[in-house]
Amino acid sequence: MSRLTARVLLSSLCLAALTRLPAQEPAPSSTPADLPAATPAPAKETAPGTEPAPVVAGPDLTLEECINRVLQKNFNLRVQGFNTANAQENLVISKAGFDPTFTALGQRTHTQGVTSFNTSLGTTTSSDYRQDTTDIRVGVNQTIQTGAAVSLSASVLRSGNNVAASTLNPSYNSDVSLSVTQPLLKGAGTKVNRATIENAKLGITIANLYYKGSVLQAVRDTEAAYYTLAFARGQLAVKQRSLELAQKLYDENKVKKNTGVATDLDVLTAEVGVGTAQNGVVLAQQQVRNSEDNLLALTGQFEFSTPPGPVSFSAYLDPAPTIDEAFKHARDLQPTYVAAQSTIKQLELAVYVANNGRLPTLNADVALGFNGTDRSTNSSIENLKAGDNYNWQADLSLSVPWGLRADRARARIALNNLHQEQAQLQSIEQNLLVQVRAAVLAVSTNIESVQISAKTTELATKQYELQKAKFDAGLSTSRDVLQSQTDLETARVNELSAKVNLRIAVANLHQLDGSSIDRFHIALAD
């Protein structure tokens, strides 16, 4: 072939490579025996710059399905759920402080001696003396939300002896009494006495917020694991395609060597290229297995025997987010920030209670009782109903610790805790702003990276085809073809990486602004 003819042929091949769409590589003719279940099967040809998703057994596995499995089976969410349940029980405990308490007493007393005192005669005689007493009492005590302690009790007392001069023998005494003790300063008022209940309600809110934070973290981790698996399988497809191209180049070099066109060095270079490509496939297989296990660890419980089904991700078409909008959503929905606000409300209650504790103890006590005595239980109760025998009592009691030093110190500690949490809230807000700014920037940067990497893949594809055309014309070496093939493989992997990085950056942003809950229609307790 003349030099002029060779140049014309080369020019024709180059022009064809640059003007037409890049040729599509055929799928591998065989699959190594040690490939995992996620190994892609032979696929149809695709356009340059796109990668066929590896074909795996089973139905398609969507991201939404993964997240539903996480909500049902994830261990971290189960652990956090117990904290939420305990917060509910703490509210029950705090309300139980105002439940009534029932009391009952049955008592039998026997007294025997040799000396007795005659009440009617006012004399002491020496004789055998016996007395039996039976006392039955029931009552109910309750603290009400004003701080008052209310007590209602009733009793029947039977007393009998062997003294013949006793007027009522046996005698029965029945009584009913009501007493109320109301704090007037320290411990007075519904706000102080309901502080425990309100604190428990805020505790439920905080526990639910922390559970929401765990859900957001689980969703973000699931998205990252899902897209990472999509990347790993896509990368495996790229590596397998590179192996096929390297094998094809090796086969061509062997044929050319037999015809005297290629040298032993060309064949050896191509053989090294096949080995390198095989190593890349093996490493990609390992990454696929690890990615599958990471996803299964989130979505199941020791369910590693069956690999996840086919995964995929669509192109990100949403507009680039703005910092102001994302930060506003984060302040309204981010669990850590909102939980800190609820904690401040708890500490404000603690300050109020501590300030109330600095007051002196001043209690008003009122008691009223009715009693009746007769020869039988029924008669004593009838006398009780008549209301002729009664007593009442009213008093004020004051107690003031000298200097109130301990109570004042407790009030200062409560105020310091409040100021500390307020400063912590400002720190959380600033860190949240920094994280939102970084997340928004990451999304915007990765959107551009996806666009640039797609163009890079397109250019690398054309450069490879041009280099292959030159090799076929005898104007390039196997080393040059392998280098352009490596560049094409790198470009395709980088494009996959850019797409996955974009999706993970979006997942990070949605975790920060709390919008993942609405995006995946997750129902959480208020």
Is the range 451-461 home to any residue that is surrounded by fewer than 19 Cβ atoms within 10 Å (Cβ to Cβ), aliphatic (A, V, I, L, M) and within 23 Å of V219 (Cα to Cα)?
no
Of all residues in the range 141-194 being assigned to a loop (DSSP other than H, G, I, E, B) and among the hydroxyl-bearing types (S, T, Y), which is modelled with the highest pLDDT?
T146
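Quick one: would you say A340 is at pLDDT 90 or above and either surrounded by 18 or more Cβ atoms within 10 Å (Cβ to Cβ) or of a type in the set (S, T, N, Q) (or both)? Talk me through it step by step, then tell me what you get.
Working: at pLDDT 90 or above: yes; either surrounded by 18 or more Cβ atoms within 10 Å (Cβ to Cβ) or of a type in the set (S, T, N, Q) (or both): yes.
Considered against the rule, which asks whether it is at pLDDT 90 or above and either surrounded by 18 or more Cβ atoms within 10 Å (Cβ to Cβ) or of a type in the set (S, T, N, Q) (or both), A340 comes out as yes.
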Let me spell it out: the conditions are (1) surrounded by fewer than 16 Cβ atoms within 10 Å (Cβ to Cβ); (2) under 30 Å from A87 (Cβ atoms); (3) not polar (S, T, N, Q), and L368 meets all of them except one. Which number is the exception?
(2)
Out of (1) under 30 Å from N253 (Cβ atoms); (2) assigned to a helix (DSSP H, G or I); (3) polar (S, T, N, Q); (4) at pLDDT below 90, the odd one out for S476 is which?
(2)
Counting only residues in the range 70-117 that are among the hydrophobic types (A, V, I, L, M, F, W, C) and at pLDDT below 90, the one nearest to R130 (Cα to Cα) is identified as V114
List every residue pair whose Cβ atoms lie under 8 Å apart, where the two residues are 6 or more positions apart in sequence or sit on different chains, the first residue falls within the range 514-525 and is surrounded by 16 or more Cβ atoms within 10 Å (Cβ to Cβ), and the second residue, located anywhere, is among the polar types (S, T, N, Q) and part of a loop (DSSP other than H, G, I, E, B).
G514/Q334
Which of the residues that make up the range 296-346 are over 22 Å from V70 (Cβ atoms), hydroxyl-bearing (S, T, Y) and in a loop (DSSP other than H, G, I, E, B)?
T322
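What do you reckon, is S242 at negative phi, modelled with pLDDT of 85 or more and polar (S, T, N, Q)?
Details: at negative phi: yes; modelled with pLDDT of 85 or more: yes; polar (S, T, N, Q): yes.
Taking the combined requirement at face value, the residue satisfies it.
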Among (1) within 30 Å of F102 (Cβ to Cβ); (2) surrounded by 22 or more Cβ atoms within 10 Å (Cβ to Cβ), the one test that S159 misses:
(2)
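May I ask you to list the residues in the range 178-237 that are β-branched (V, I, T) and more than 30 Å from S397 (Cα to Cα)?
Our first condition is that a residue be β-branched (V, I, T); within the range 178-237, this holds for 180-181, 190, 192, 196-197, 204-206, 215, 219, 222, 228.
Result: I204, T205, I206, V215, V219, T222, T228.
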For the range 248-264, enumerate the residues that are surrounded by 12 or more Cβ atoms within 10 Å (Cβ to Cβ) and not in a helix (DSSP H, G or I).
V261, A262, T263
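The values are calculated or read from the model by the stated rules, or taken from the named source; none is laboratory data. Predicted model only: the values in this text are computed from it and were never measured. Note that each Cβ is placed from the backbone with ideal geometry, even for glycine, and that neighbours are counted across all protein chains shown.
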